[in-house]
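*Asks:* Below you will find the structure I want to go over with you.
Every number here is computed from the coordinates shown, using simple stated rules; none is lab data. Since this is a predicted model, take the numbers as computed values, not measurements. Note that we place each Cβ from the backbone using ideal geometry, even for glycine, and neighbour counts take in every protein chain shown.
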Amino acid sequence: MGERIDNSVNDGRSAYVFRINGSNHHKIGTLLPPSGFIPKFAQLYIYDTSNELSNQLNALEHSNCFDIRGDIVQELQEMLDSINLYVAIFRRARDMLCDHGKVLDVRI
């Protein structure tokens, strides 16, 4: 690409970051979970949103968290839905998948 890659942002504590000209680009992987796997990360905003709360609690259950209150998770989700622009983008991707069936290549 002819750009100098800045690896100083990759300290191993989060998703890989590819920085070009000061902008961060994240590769997040598939927006739908592989068959037989539970949704996690961004997939929670797109996959099976009619069971979103139970999917979120299941994803958290596998992270060694204990005593997770569903009412608090639900309130946090509602807050993110109302103020976070990235959540709105993922919700739009969900709508596209529902409207058009299986989409092979979606970029957000």
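*Asks:* Give, in nm to one decimal, the length gained when the segment between Glu75 and Leu53 is fully stretched (0.36 nm per residue of separation minus the Cα-Cα distance).
*Replies:* Difference between extended and current length: 6.9 nm.
*Asks:* How large is ³J(HN,Hα) for each residue in the stretch 30-39, as worked out from phi by the Karplus curve 6.51 cos²θ - 1.76 cosθ + 1.60 (θ = phi - 60°), to whole Hz, x for Gly and Pro?
*Replies:* Once rounded to whole Hz, the list reads 5, 8, 10, x, x, 4, x, 10, 7, x.
*Asks:* Cα-based Rg (one decimal) and Dmax (whole number) for the stretch 31-100, in Å?
*Replies:* Using the Cα atoms of the stretch 31-100, the pair Rg, Dmax is 12.3, 38 Å.
*Asks:* What order do you get for Ile46, Ile28, Ile83 when you list them from fewest to most C-beta neighbours inside 10 Å?
*Replies:* By the 10 Å Cβ count, ascending: Ile83, Ile28, Ile46.
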